[in-house]
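First the structure, in the form of C-alpha cells, and then the observations on it.
The values are calculated or read from the model by the stated rules, or taken from the named source; none is laboratory data. Predicted, not measured: the structure shown is a model, and the values here were computed from it. All Cβ positions, even for glycine, are placed from backbone atoms using ideal geometry, and neighbour counts span all protein chains on display.
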C-alpha cells in the first residue's frame, strides 16, 4: 500500500524514516509519554531503532505505515500518527503521539483530521476506532474535539509492559458519522490540505 505525504496548514505528514530516530527518541524516552500509550519508555536509541524498523515493516504487511508529524515552518518532527490494524475497505484504528513541548497547540488535532479525511475518502473505510486509557486526559480531550463517539469501557483489557492491567475507553467514527460532521469539521479543514505521493 502506497503511503502518501499530506500537507495541512501547519504540518507535513510524511512516511517515518530511519533518519527520524533522534526526534523520536527525544519524546519516546520520556516517562510522561510511553506509559500513557501502553509502551515502555525507550532506554536508548536501540529501542527507537527497533520501533522504527517495526513501523517500516508494517508497510510490507498491507498496512498504511506510520507518519512523522512535522511542523512545516521549522521542519521539526514532533510526533507520529498512524492508521493501523487495517482491514482494507472496512475498518482500522488511529493512534498518535506528540512530544510534550508541542502538546496543547492543536498539532495532533490537525494531524488527526488529515488522517480521518484520508481514511474515509481515500481508503474508503466504514469505521475508524480510537482507544485510550481512562487516565489519559490529553487523549480524552482530543477524542471529544474530533467528535469520536464513545462506545464504552473495555474493563481489564490491556496488560502493560510492567504488568499493570488497565481499562480501555473505546470510541469510533463511522462513515455515516464522517458525513454528518463533514460540513462543520472536515470541509473547512480540507481547503488547506494537499495529498501527494
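Going through (1) buried (at least 16 other Cβ atoms within 10 Å of the Cβ); (2) touching a strand residue (DSSP E or B) at 6+ places or on another chain (Cβ under 8 Å); (3) closer than 22 Å to residue 58 by Cβ one by one, residue 122 falls short only on (1). Selection within segment 35-62: residues that are touching a helix residue (DSSP H, G or I) at 6+ places or on another chain (Cβ under 9 Å) and outside any helix (DSSP H, G or I). The member of this set that is surrounded by the fewest Cβ atoms within 10 Å (Cβ to Cβ) is 44. Just to be sure, is residue 156 in contact with a helix residue (DSSP H, G or I) (Cβ under 9 Å, 6 or more places away or on another chain), closer than 25 Å to residue 32 by Cα and loosely packed, with under 13 Cβ neighbours inside 10 Å? It is false that residue 156 is in contact with a helix residue (DSSP H, G or I) (Cβ under 9 Å, 6 or more places away or on another chain), closer than 25 Å to residue 32 by Cα and loosely packed, with under 13 Cβ neighbours inside 10 Å.
Within segment 20-34, the residues that satisfy the criterion of being part of a helix (DSSP H, G or I) and either out of contact with any strand residue (DSSP E or B) (no Cβ under 6 Å at 6 or more places or on another chain) or surrounded by fewer than 16 Cβ atoms within 10 Å (Cβ to Cβ) (or both) are 21, 22, 24, 25, 26, 27, 28, 34. What's the total number of residues in segment 83-111 that are under 10 Å from the mean Cα position of the chain (by Cα) and under 18 Å from residue 35 (Cα atoms)? Final tally of qualifying residues: 5. Of the residues making up segment 101-119, those that are touching a strand residue (DSSP E or B) at 6+ places or on another chain (Cβ under 8 Å) and either touching a residue at least 40 places away in the same chain (Cβ under 8 Å) or not in a helix (DSSP H, G or I) (or both) are 107, 110, 111, 114, 115, 116, 118. Can you find a residue in segment 86-100 that is on the phi > 0 side of the Ramachandran plot, part of a loop (DSSP other than H, G, I, E, B) and free of Cβ contacts under 8 Å to residues at least 60 places away in the same chain? Looking through segment 86-100, at least one residue is on the phi > 0 side of the Ramachandran plot, part of a loop (DSSP other than H, G, I, E, B) and free of Cβ contacts under 8 Å to residues at least 60 places away in the same chain. Scanning segment 162-175 for residues that are without any contact (Cβ under 8 Å) to a residue 40 or more places away in the chain and within 21 Å of the chain's Cα centre (by Cα) gives 167, 168, 169.
Total residues in segment 137-153 satisfying the condition of being in a loop (DSSP other than H, G, I, E, B) and surrounded by fewer than 18 Cβ atoms within 10 Å (Cβ to Cβ): the figure is 1. Exactly one residue out of 79, 65 is touching a helix residue (DSSP H, G or I) at 6+ places or on another chain (Cβ under 9 Å) and at pLDDT below 95: that is 65.
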